[in-house]
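Structure, as structure tokens:
The values are calculated or read from the model by the stated rules, or taken from the named source; none is laboratory data. Only a predicted model underlies this, so the values are computations on that prediction, with no experimental measurement involved. Virtual Cβ from ideal backbone geometry, glycine too; neighbours counted across all protein chains shown. What goes into the accessible areas is simple: the full protein's heavy atoms, side chains included, and nothing from ligands, DNA or RNA. Shrake-Rupley method; radii C 1.70, N 1.55, O 1.52, S 1.80 Å.
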Amino acid sequence: MHASVFKCFKLDDTAKLSPFAVKVVREDDEEKIEVHKREFQIMKNLDHSNITKARELFVNDFKKEIHIVMDFIDGHEIFDTISEIGVYSEQNAQDIFK
């Protein structure tokens, strides 16, 4: 599976732009598309401060793409933080995931 994530914006009634992330997955296997749909339903129902909230799901049958709209989290990838540290200990994990 290969996915790309893009930053997008929603324009509300007051002309305020709200950032969101859109994960685009290319998938031509119908069973895998159904798995993504079920995963989205689970993610949408989760409510935890450390889990990105899933908002919408769109399936583009023509392009064989799945678009998952999620809350935008400003920051960088955890892998980059681990690479900067050099070693990854339990203490590092506690510091990163506070």
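Report whether or not S83 is exposed (fewer than 11 other Cβ atoms within 10 Å of the Cβ) and among the hydroxyl-bearing types (S, T, Y).
On the way: exposed (fewer than 11 other Cβ atoms within 10 Å of the Cβ): yes; among the hydroxyl-bearing types (S, T, Y): yes.
Judged against the criteria, S83 is a match.
Just give me the residues in segment 27-66 being within 14 Å of the chain's Cα centre (by Cα) and open to solvent by less than 40 Å² (accessible area, probe 1.4 Å), in sequence order.
Selection gives H36, F40, A54, I66.
Those residues that are of a type outside the set (A, V, I, L, M) and either closer than 14 Å to I68 by Cα or open to solvent by 100 Å² or more (accessible area, probe 1.4 Å) (or both), I need them from segment 1-18; list them, please.
Initially, segment 1-18 is screened for residues of a type outside the set (A, V, I, L, M), giving 2, 4, 6-10, 12-14, 16, 18.
H2, S4, F6, K7, C8, F9, K10, D13, T14, K16 - these are the residues of segment 1-18 that are of a type outside the set (A, V, I, L, M) and either closer than 14 Å to I68 by Cα or open to solvent by 100 Å² or more (accessible area, probe 1.4 Å) (or both).
Can you pull out the residues in segment 67-80 that are hydrophobic (A, V, I, L, M, F, W, C) and either more than 25 Å from S49 (Cα to Cα) or open to solvent by 90 Å² or more (accessible area, probe 1.4 Å) (or both)? Give the steps one after another, and end with the answer.
Of segment 67-80, the ones hydrophobic (A, V, I, L, M, F, W, C) are 68-70, 72-73, 78-79.
Across segment 67-80, the qualifying residues are I73, F79.
Cβ-Cβ distance below 6 Å, separation of 6 or more or different chains: which pairs start in segment 1-20 with a residue that is closer than 19 Å to H36 by Cα and end on one that is among the basic types (K, R) and modelled with pLDDT of 90 or more?
A3/K23; V5/K23
Whether any residue in segment 8-24 is among the aliphatic types (A, V, I, L, M), in a loop (DSSP other than H, G, I, E, B) and in contact with a Ser or Thr (Cβ under 8 Å, 6 or more places away or on another chain) is what I want to check.
No; the residues of segment 8-24 include none that is among the aliphatic types (A, V, I, L, M), in a loop (DSSP other than H, G, I, E, B) and in contact with a Ser or Thr (Cβ under 8 Å, 6 or more places away or on another chain).
Tell me, yes or no, whether segment 37-52 has at least one residue that is free of Cβ contacts under 8 Å to residues at least 40 places away in the same chain and assigned to a strand (DSSP E or B).
Keep residues of segment 37-52 that are free of Cβ contacts under 8 Å to residues at least 40 places away in the same chain, which gives 37-49, 51-52.
Remaining after also requiring assigned to a strand (DSSP E or B): none.
No: segment 37-52 contains no residue that is free of Cβ contacts under 8 Å to residues at least 40 places away in the same chain and assigned to a strand (DSSP E or B).
Just one of the numbered conditions (1) open to solvent by 100 Å² or more (accessible area, probe 1.4 Å); (2) in contact (Cβ under 8 Å) with a residue 12 or more places away in the chain is not true of Y88; which one?
Y88 satisfies all of (1) open to solvent by 100 Å² or more (accessible area, probe 1.4 Å); (2) in contact (Cβ under 8 Å) with a residue 12 or more places away in the chain except (2).
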